[in-house]
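Reading through the structure tokens given below for one structure.
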Amino acid sequence: MPICYVDLIDACHLKCQTCVRGTRVMPNTAVKMPLDYFERTVAKAKSEGYDVIGLYNWAEPFLNAKVADYVAIVKRSGLCCDISTTLSFAGREHLIEQVLAAGLDSMIVSISGFDQEVHAINHRGGDLRLVKANLERISALKRHGNIHTSVVLRFLKFDYNADEEARLRDYADTLGFQFQALQANGDPARPASALKVADAYRERLRGFTAARPYEQPGDICPLIADTIAIGANGQVTLCCGNPSFDFLDIGDYLDTSKEELLLTRFTHPMCASCTFPRRPATDADRAALTGALLARLGEPPGKRLPAQPEDSGLHEPDALAPVSAQPGRSFGDGALGRVLRRVIGRAP
Ligand code: SF4
Ligand code: SF4
């Protein structure tokens with residue numbers, strides 16, 4: 001189901017050593033998404049075909065004291081609402097209950113150990129005693145039929161904590177929660193520094209090649225096709241797989257058309273050097289990308305290609321036929337032509 005991730009706040013209280021937020025490579029700020037902006041964001045996301053609003057990306061949603069109001073907005077819109085949290089806080093029992101009672105569909109609780117000493121290696125600043133107390137309170141609410149939220153206990157698995165998995169699985173089972181063990185990236189003993197992250201991005205840009213070696217014609221990145229990520233400041237970032245750095249901002253979500261967001265993300269230079277697994281584009285993906293290109297050209301999306309001069313890079317001998325009816329067409333060698341070839345999955 002297509003998911004729209006929205007950070008309600010630009011901060012996290014933990015210092016997870018494998019996370020750009022936790023190491024403050026992405027510093028905490030006081031930015032919060034205003035409720036009215038959020039409401040319009042949800043309406044636009046719904047109109048663009050997103051089924052789920054995930055109230056998380058690079059932040060702890062429960063740091064926003066109005067988080068239940070945001071959940072209520074999503075539920076009023078008829079969309080599903082998910083949250084990912086650490087539950088590592090005290091004094092927010094009422095807020096947690098308000099969020100669940102507002103109709104939250106799914107809650108992911110991330111943890112990296114059964115014992116505090118192990119958990120705190122990565123989840124620095126986390127307090128497992130508080131996490132477990134909150135989990136057990138939620139479990140009791142579920143057991144008594146007061147809430148219907150699906151809860152997933154997500155174990156971030158590193159080499160050093162793999163032997164905690166069985167106990168955590170049993171614990172989740174006891175609480176009536178789902179359990180998920182996820183192989184974590186990075187090493188808490190070697191936290192990401194701002195310098196290392198900046199170097200990594202420079203390296204990727206240095207390695208830029210228009211050939212897009214990790215993507216076959218006809219493939220698309222699922223993070224572009226199936227998700228969108230919006231920061232607490234309303235800016236769409238390239239994808240949820242990268243930090244929400246300013247230089248990866250695509251545009252203000254409410255002010256930028258769905259077509260422009262898609263095309264700008266699809267042709268982003270960072271993607272050329274990204275090894276994230278792609279998937280075959282579906283007919284719907286191809287139609288969306290073709291429509292986005294037509295919109296960029298000033299045409300009504302999904303209609304017809306305009307006639308192009310021979311030297312424009314988009315030579316089109318039969319400009320009146322619908323795009324979908326021209327499987328063998330030639331689009332020339334210009335930049336837009338290359339994009340179109342990728343859209344329809346033909347070898348160059
Ligand atoms: S809880 Fe999540 S956002 Fe916060 S530091 Fe840890 S991984 Fe990053
Ligand atoms: S940077 Fe990688 S993961 Fe992100 S949208 Fe591009 S290809 Fe996908």
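The values are calculated or read from the model by the stated rules, or taken from the named source; none is laboratory data. Here the structure is a predicted model, which means the values were calculated and not measured. FYI the Cβ positions are ideal-geometry reconstructions off the backbone, even for glycines, and counts take in every protein chain you see.
Y171 meets the stated requirement of being of a type outside the set (D, E, K, R), under 30 Å from V71 (Cα atoms), part of a helix (DSSP H, G or I) and free of Cβ contacts under 8 Å to residues at least 60 places away in the same chain. Take the residues of segment 214-239 that are closer than 21 Å to I83 by Cα, surrounded by fewer than 19 Cβ atoms within 10 Å (Cβ to Cβ) and of a type in the set (S, T, N, Q): which is farthest from ligand 2 (Cβ to nearest atom)? Selected residue: N233. Here L238 fits the description: at pLDDT 90 or above and not assigned by TED's automatic domain parsing to the domain that holds E136. Inspect all residues belonging to segment 78-101 and state whether any of them is out of contact with any helix residue (DSSP H, G or I) (no Cβ under 9 Å at 6 or more places or on another chain), more than 26 Å from A192 (Cβ to Cβ) and not in a helix (DSSP H, G or I). The answer is yes, given that some residue of segment 78-101 is out of contact with any helix residue (DSSP H, G or I) (no Cβ under 9 Å at 6 or more places or on another chain), more than 26 Å from A192 (Cβ to Cβ) and not in a helix (DSSP H, G or I). Filtering segment 278-299 to residues that are of a type in the set (D, E, K, R) and under 14 Å from G218 (Cβ atoms) leaves R278, R279, D283, D285, R286.
Scan segment 41-71 residue by residue and report those that are among the small types (G, A, S) and either at pLDDT below 95 or part of a helix (DSSP H, G or I) (or both). Show your work before the answer.
The initial filter retains those residues of segment 41-71 that are among the small types (G, A, S), namely 43, 45, 47, 49, 54, 59, 65, 68.
Selection gives A43, A45, S47, A68.
Restricted to segment 266-298, and to residues there that are of a type in the set (D, E, K, R) and out of contact with any helix residue (DSSP H, G or I) (no Cβ under 6 Å at 6 or more places or on another chain), the residue that is farthest from ligand 1 (Cβ to nearest atom) is D283. Considering segment 117-154, the residues that are closer than 18 Å to G22 by Cα and touching a Lys or Arg at 6+ places or on another chain (Cβ under 8 Å) include one that is nearest to ligand 2 (Cβ to nearest atom), namely R124. T209 meets the conditions (1) away from ligand 1 (no atom under 16 Å from the Cβ); (2) within 16 Å of L261 (Cα to Cα); (3) among the polar types (S, T, N, Q) in every case but one. The failed one is (2).
Among the listed residues S88, S84, which satisfies the condition of being in the same structural domain as A120 (by TED's automatic domain parsing), out of contact with any Asp or Glu (no Cβ under 8 Å at 6 or more places or on another chain) and hydroxyl-bearing (S, T, Y)? Lay out the reasoning, then the answer.
Numbers: S88 fails: out of contact with any Asp or Glu (no Cβ under 8 Å at 6 or more places or on another chain).
The match here is S84.
Looking across segment 24-36, the residues that are part of a loop (DSSP other than H, G, I, E, B) and either crowded, with 20+ Cβ neighbours inside 10 Å or basic (K, R) (or both) come down to R24, M26, M33. Scanning segment 175-206 for residues that are in a loop (DSSP other than H, G, I, E, B) and closer than 16 Å to C19 by Cβ turns up A184, N185, G186, D187, P188, A189, R190, P191, A192, S193. Taken over segment 240-286, the residue count meeting the criterion of being surrounded by 20 or more Cβ atoms within 10 Å (Cβ to Cβ), over 21 Å from P61 (Cα atoms) and small (G, A, S) is 1. Taking the condition of being part of a helix (DSSP H, G or I) and either within 28 Å of the chain's Cα centre (by Cα) or surrounded by 16 or more Cβ atoms within 10 Å (Cβ to Cβ) (or both), how many residues in segment 112-140 meet it? Total satisfying the criteria: 13. Taking the stated definitions as given, is S88 among the small types (G, A, S), under 28 Å from P191 (Cβ atoms) and touching a Gly at 6+ places or on another chain (Cβ under 8 Å)? It is true that S88 is among the small types (G, A, S), under 28 Å from P191 (Cβ atoms) and touching a Gly at 6+ places or on another chain (Cβ under 8 Å). Among the residues of segment 117-131, the one identified as more than 16 Å from ligand 1 (Cβ to nearest atom) and either closer than 16 Å to E60 by Cα or in contact with a helix residue (DSSP H, G or I) (Cβ under 8 Å, 6 or more places away or on another chain) (or both) is R129.
What residue, among those in segment 264-284 that are more than 13 Å from ligand 2 (Cβ to nearest atom) and not small (G, A, S), is farthest from Y37 (Cα to Cα)? Here the residue is P280.
One residue is enough: does segment 171-178 have a residue meeting the conditions over 20 Å from I83 (Cα atoms), crowded, with 16+ Cβ neighbours inside 10 Å and at pLDDT 95 or above? Checked segment 171-178: at least one residue is over 20 Å from I83 (Cα atoms), crowded, with 16+ Cβ neighbours inside 10 Å and at pLDDT 95 or above. Of the residues making up segment 214-252, those that are within 18 Å of T29 (Cβ to Cβ) and away from ligand 1 (no atom under 16 Å from the Cβ) are N233, G234, Q235, V236, D246, F247, L248, D249, D252.
Out of all the residues in segment 1-22, which are farther than 27 Å from G49 by Cβ and charged (D, E, K, R)? Walk me through it before giving the result.
Initial filter on segment 1-22 (farther than 27 Å from G49 by Cβ): 11-22.
Those that are farther than 27 Å from G49 by Cβ and charged (D, E, K, R): K15, R21.
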